[in-house]
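Every number here is computed from the coordinates shown, using simple stated rules; none is lab data. Please read these numbers as outputs of a predicted model, since none were measured by experiment. We place every Cβ from the backbone using ideal geometry, glycine too, and count neighbours over all the protein chains shown.
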Amino acid sequence: MIKIHTVSGYEEVGKNMTAVEYNGEVVIIDMGIRLDRVLIHEDVNIQQFPTKELQKLGAIPDDSSIRNKKVVAITFTHGHLDHIGAVAKLAPHYPDVPIYGTPYTIKLAKGEVKSEQYFEVKNPMYETEYGEIVQVSENLAIEFVQITHSIPQSAMVVVHTPEGAVVHTGDFKFDNNNPLGERPDYKRLKELGKEGVKVLIAESTRVAEPTKTPSEAVAQMLLEDFFLYEGMEADGLIATTFASHISRLQELIWIANKMGRQAVLVGRSLAKYTGIAKQLGLIKMKGAKAVRSPNAVRKVLKEVSQARENYLLIVTGHQGEPGAVLTRMANGELYDIGKRDTVVFSAGTIPNPLNRAQRYVLETKLKMKGVRMIKDLHVSGHASREDHRYLIRMLNPENIVPAHGEFRMLTHYAELAEEEGYLIGRDVFVSRNGYMVEIR
C-alpha cells in the first residue's frame, strides 16, 4: 500500500511539502515557505527564527505527521522558495538523509542552508541529472523528469515503488518553444504512462483557466513588441519580474542590447539567481551587469538617474514587497522616479490577499509620481486546464491527488479529473494539510 502524506500546500499557494510512503519508508518532496505569512509580521528574519515559531506563524510546513517515520530521501522539484525555502528549518529533523535535485535547484538550496543562522544542516546534497534513476532504498527509487516552468531545471519527481510510480508534477507547464531551449520530456512521460503510474500528484494553481498556458516565447514577443517599436520615446526604462525567471531576464538583456542600452540588474535576489545561472551556463550576461550590495546599488542608481536614456533597469519589487528596490523607489528612496520613467511589469500578481494589497499600494504610489506603467507583459509558468488534461491522458494514472493550491483550486482539478473519467472519492482524492491518503 502507498500512502500519500499531504503535509502542506494543500490549503494554500505556498509552503509545499508532500511525503510518499511505501512499506514504512518515506520520500519527501519539497520543503517550502509561505512568504506572505512572514511578511505580515514585522522584523521576521526567517533565518533567525526557530522552526516551531515559524510553524505557528503558518510560514513553513508542520511536518509532525511524518517526523518519526523512516525518511530515506528528500527531493526538490525546483528552486522556488515555496518549494525549497524551509530546507534549513526542516531538513535537520531528518539528519543525514540525502537531498536530491537538479544542479540549479541544489545550488539554490545550498544558498538557503548557508544563510541559516539557527540550525546546522548536515544533510548531504546531490545534484541529479534528468533521466537518472537513484535507488534510495531496497524498495524505492527516485527519478527527475525534465519539465518547463518559470525557473531553470524544473523537474517532475517520480518515486518508483513495487506497486507502480508516483509522479509529483511540481510546478510546470508544457512549453514547446522556450527561448532558452528547455523542453518537456514527453518521451519519458509517455513511457511512464505505459509502465504504470499508480498516483499522480498534480499542482492545481491555474487548472480553472480554460486554455493551454502560452509559451515563454509569447512573453518574449510581448516585451519586444513594446520595447522595440519605432514610437518608443521613453527616457527612463524600468522592468520588474521574478528574480528567478532566468528566461525572462535573458530576454530583457537581449532587448536592452538591441536598444543600445545597458541592462542593469538591481537587487540581491536578482544577483543571486543570475549568478548561479551564469555559473551553469544558463544565462548570457553580455552587456549587462548585476549589483547587490547597498553601496553599489546607490552608486549605480545615481549614475543611471543622470543618463536614463542609456540604461534598462531590471529591479525587484513587482509584488510591492517591502524593502524591494521598486517599492523603495516608489517611497522616494534610491532613485528619483517620476514622469520621465516607464515601469514595465513583466510578472503577474501572486494570488493571495497580501500580494494584491501590496501591489495596489505600489501602483498607487507610482501613479502619484506620474510614472507611466505598462502591465501584463507576462505569461504564467503554471499549467492551465488543457496542459493538465494532456498530462492525465499521457500518464493515465490509476489515482490522482491534486496539490499546490487553495481548496477551491484542488476541487477544480477534481472536476477536470471527473471529465476524464475519474470519480472523487474513488480514484481522485482532495486532501488537506496534515492528512494522509491511502492508495490500495
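Before moving on, here are some points about what is shown:
- Each of Thr213, Thr148 was scored by other Cβ atoms within 10 Å of its Cβ. Listed from fewest to most, they are Thr213, Thr148.
- Helix-derived mean residue ellipticity, 222 nm - over the chain, DSSP H n ≥ 4, -39500 (n - 2.57), to 500: -9000 deg cm²/dmol
- Cβ crowding within 10 Å ranks Tyr390, Tyr335 as Tyr390, Tyr335, fewest other Cβ atoms first.
- Eligible aspartates and glutamates near Lys70 by straight Cα distance, threshold 14 Å, same-chain separation 8 or greater: Glu21, Glu25, Asp96, Glu138
- Gyration tensor verdict on segment 167-207 (Cα atoms; rounded if a/c is under 1.5, prolate if a/b is larger than b/c, oblate otherwise): oblate
- 15 Å beta-carbon shell around Ala19, net charge (K/R +1, D/E -1): 0
- Cross-link reach list, lysines versus Lys339, counting only Cα pairs under 18 Å and skipping chain neighbours closer than eight places: Lys302, Lys365, Lys367, Lys369, Lys375
- Separation of segment 256-280 from segment 91-153 is 26 Å, based on Cα centroids.
- Listed by Cβ neighbour count within 10 Å, with the fewest neighbours leading, Asp62, Asp82 appear as Asp62, Asp82.
- Taking 12 Å as the straight-line reach from the Cα of Lys198, the aspartates and glutamates in range (excluding those fewer than 8 positions away in the same chain) are Glu163, Glu398, Asp427, Glu438.
- Segment 216-374 shape via C-alpha gyration tensor axes, a/c threshold 1.5: rounded
- Values [x] 81, 55, 53; [y] 72, 63, 45; [z] 66, 44, 37 are given for comparison; Cα extents along the principal axes in Å, derived from the coordinates here, is the one labelled [z].
- Computed extension gain for Glu418 through Glu120, at 0.36 nm per residue and net of the alpha carbon distance, reaches 102.7 nm.
- Gyration tensor over alpha-carbon atoms, segment 173-254, equivalent ellipsoid semi-axes in Å: 35, 14, 12
- Packing rank of 124-132, 314-322, 189-197, where each peptide gets the mean count of other beta carbons within 10 Å, highest leading: 314-322, 189-197, 124-132
- For the chain, with +1 on Lys and Arg beta carbons and -1 on Asp and Glu, the positive-most of Ala19, Ala256, Thr411 along the dipole: Ala256
- Radius of gyration over Kirkwood radius for segment 308-440, both on Cα atoms: the Rg/Rh ratio is 1.17.
- The modelled label-to-label distance between Leu57 and Glu129, using points 7 Å beyond Cα along the C-beta direction, is 4.1 nm.
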